[in-house]
Amino acid sequence: MRRALLPAAALVALAACQGPQSALDPAGPQALHLFNLGAFLWITASVVFVLVMAALALALTHARRRAAPDVSEAGEGRARRIVTGAVGVTLAILLVFLVVSYLTGRAYAVTPEGGRPLQVSVVGHQWWWEVVYSDSVQSRSLSTANEIHVPVGRTVILKMTSHDVIHSFWVPNLAGKKDLIPGYSTTTWFRADHPGVYRGVCAEFCGYQHALMGLLVIAEPPAQFARWYDAQLADAMPPTDTVASTGKNVFMGAHGCVLCHTVRGTDAGGRVGPDLTHLASRHTLAAATIPNTRGWLGGWVMDPQGIKPGAHMPPNDMRPDELQALLTYLQSLR
Amino acid sequence: MRTWVPRGARLAAGVMMVALAVSACEREQRRFRETPPSATPGGEVETSGGFVPGPPLPDVKAVTPYLDNAYAVSEGKSLYLQMNCVGCHFHGGGGIGPPLMDDRWIYGSQPENIYQSIEEGRPNGMPAWGSRLSSDQMWKLTAYVMSMSGQVKKDVAPGRDDHMQGKKQEQSTEVRPPRNYGGQPPSTVFP
């Protein structure tokens, strides 16, 4: 019984390595470089650990069997040779580690030439991610938040900066960390080789809600990505029914939503908070903190400080009918 | 020669020093869901309700926790940029709008006066923010505007930043008491 438990536990532990936010489940070349280096270091260290423990056990049992310690000239010489040999092997292993991690760093730093890389700018804010797809044709550029859609198999070059403090972009399944620094531009790249949803986090302490500053990278087949891109380029759909149009008036009105948020195709042009033009098409709200459902959206609009204390969205004191109309309008922004 | 101190006293002194050091960790409390002053009964800010400045408001400190709260002041500073106050007042030096970092106040230097200027707007271009910002946000802005002229405590005022600012908090050598502009400014005299 107990013997069966061990492999079962190992399987459970290995299953935990899979997932949308795991450096042990690489989905692209950058993450694979890091995974290979990590695996090499881990396996080598494990082998060394097992050998050292075996040698220790051997020495202990060997010493117990002998009546008196061996202090002869020959015994001293043997001990000296063993210690020298072990130090030599240790140095050799460390040297191999050095060379392997250097080669990994070299390979990691090379941005692939050619092809048609997708250029995406990421701006860090306390506590959300602004994502801008820039195109040489200005009308083909678009802005969204907390969600990066990418086509599978195409290199994505991220140009990143920060609006306030230092943040760090980390999607473990795709690449290593890269800092976002105010007043300075950093560049990194990744490529997703398998379609999927990969979760990322801020990896540099950036204030009160650092822990709730997540994002999603959604890798999809190129055709699907192109459809998503075209849909995002469109202006917001005007409300079709009276409830939604009441909601639009609430949004444009006295609660001041428009001071911070943009809805393209309307008068709302605030640049402080995330662009809401296609809010309903996103998977999450508040930087991958809560699911994008009507209930959560209502809670977030009324009392963001209850969900994410310290976030820069103020609480809104709305009448129930105003709130319901607003939610209908926001959910119509597909 | 060393004075003998009983062991108990030394222990007590040590414990007290650690307690003092630990108490320094919490500088202030960040209250994210503050009930804004104007929402509390009795703390209502009186506003003149017209375009004309009207008589000066009574010299009472508004019941505001924001003036003593560094977090609130720095939030006000973010709002000052985000709401584009810099567009007219620049970083305190003024230009299109009057400067905010000197000791001359057209409509009064009290927090209530500043709050009122933000909420209701003023003639010649200052927009009214009352219908857009929450009173909580306007109090934070008020606190930051007051910090520009050195009217909040130094440990509360935000640190220096990269923008050009004539007199930075930590560099000011004297505190000049604010004085109200004598008489009515020309801009408010109607024909």
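The values are calculated or read from the model by the stated rules, or taken from the named source; none is laboratory data. Fair warning: this is a prediction, and the values are worked out from it, not measured in the lab. Methodologically, a virtual Cβ is constructed for each residue, glycine included, from the backbone with ideal geometry; neighbour enumeration extends over all protein chains shown.
Quick look at the values:
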| item | result |
| --- | --- |
| Cβ-Cβ under 6 Å pairs, at least 6 apart or on other chains, region B:81-92 side within 10 Å of chain A (Cβ to nearest Cβ), far side surrounded by fewer than 21 Cβ atoms within 10 Å (Cβ to Cβ) | B:Q82/A:V272 |
| Subset tally (residues that are assigned to a strand (DSSP E or B) and either surrounded by fewer than 20 Cβ atoms within 10 Å (Cβ to Cβ) or touching a Leu at 6+ places or on another chain (Cβ under 9 Å) (or both)) for region A:171-185 | 3 |
| Qualifying residue in region A:222-243 (condition: touching a Pro at 6+ places or on another chain (Cβ under 6 Å) and more than 26 Å from A:L327 (Cβ to Cβ)) | yes |
| Spans of helices (runs of 4 or more DSSP H) in region A:283-334 with at least 2 residues of a type in the set (A, V, I, L, M, F, W, C) | A:294-302, A:320-331 |
| Residue match in region B:120-142 (condition: buried (at least 22 other Cβ atoms within 10 Å of the Cβ), away from chain A (no Cβ under 14 Å) and at pLDDT 85 or above) | yes |
| Failed criterion for A:R271 (all others in (1) surrounded by 16 or more Cβ atoms within 10 Å (Cβ to Cβ); (2) under 21 Å from A:W129 (Cα atoms) hold) | (1) |
| Test set (1) touching a Leu at 6+ places or on another chain (Cβ under 7 Å); (2) surrounded by 15 or more Cβ atoms within 10 Å (Cβ to Cβ); (3) part of a strand (DSSP E or B) - A:Q232 fails condition number | (3) |
| Given (1) away from chain B (no Cβ under 14 Å); (2) closer than 21 Å to A:V201 by Cα; (3) surrounded by fewer than 20 Cβ atoms within 10 Å (Cβ to Cβ); (4) small (G, A, S), index of the condition A:G310 fails | (1) |
| Region B:75-89 - residue that is among the hydrophobic types (A, V, I, L, M, F, W, C) and buried (at least 19 other Cβ atoms within 10 Å of the Cβ) and, of those, farthest from A:A311 (Cα to Cα) | B:C85 |
| Subset of region A:234-273 [over 18 Å from A:T328 (Cβ atoms), of a type outside the set (D, E, K, R) and more than 14 Å from chain B (Cβ to nearest Cβ)] | A:A234 |
| All positions within region B:106-128 that are in contact with a helix residue (DSSP H, G or I) (Cβ under 7 Å, 6 or more places away or on another chain) and either more than 25 Å from A:G256 (Cα to Cα) or of a type in the set (F, W, Y) (or both) | B:Y107, B:Y115 |
| Residue that is within 28 Å of the chain's Cα centre (by Cα), under 30 Å from A:A39 (Cα atoms) and surrounded by 15 or more Cβ atoms within 10 Å (Cβ to Cβ), where the choices are A:L98, A:L158, A:L142, A:L103 | A:L158 |
| Residue within region A:240-249 that is closer than 20 Å to A:V131 by Cβ, out of contact with any Cys (no Cβ under 9 Å at 6 or more places or on another chain) and not hydroxyl-bearing (S, T, Y) present | no |
| Out of A:G153, A:G183, sole residue that is within 14 Å of chain B (Cβ to nearest Cβ) and not hydroxyl-bearing (S, T, Y) | A:G183 |
| Elements of type helices (runs of 4 or more DSSP H) contained in region B:67-167, each with 1 or more residues being charged (D, E, K, R) and closer than 30 Å to A:G253 by Cβ | B:70-82, B:111-120, B:135-148 |
| Pairs, first within 24 Å of A:A192 (Cα to Cα) in region A:203-228, second part of a helix (DSSP H, G or I) and of a type in the set (A, V, I, L, M, F, W, C), C-beta under 8 Å, six or more apart | A:E220/A:W228 |
| Pair list, Cβ under 7 Å, 6 or more apart: region A:73-101 residue more than 16 Å from A:V52 (Cβ to Cβ), other residue assigned to a helix (DSSP H, G or I) | A:F97/A:L41; A:V100/A:L37; A:V100/A:F40; A:S101/A:L37 |
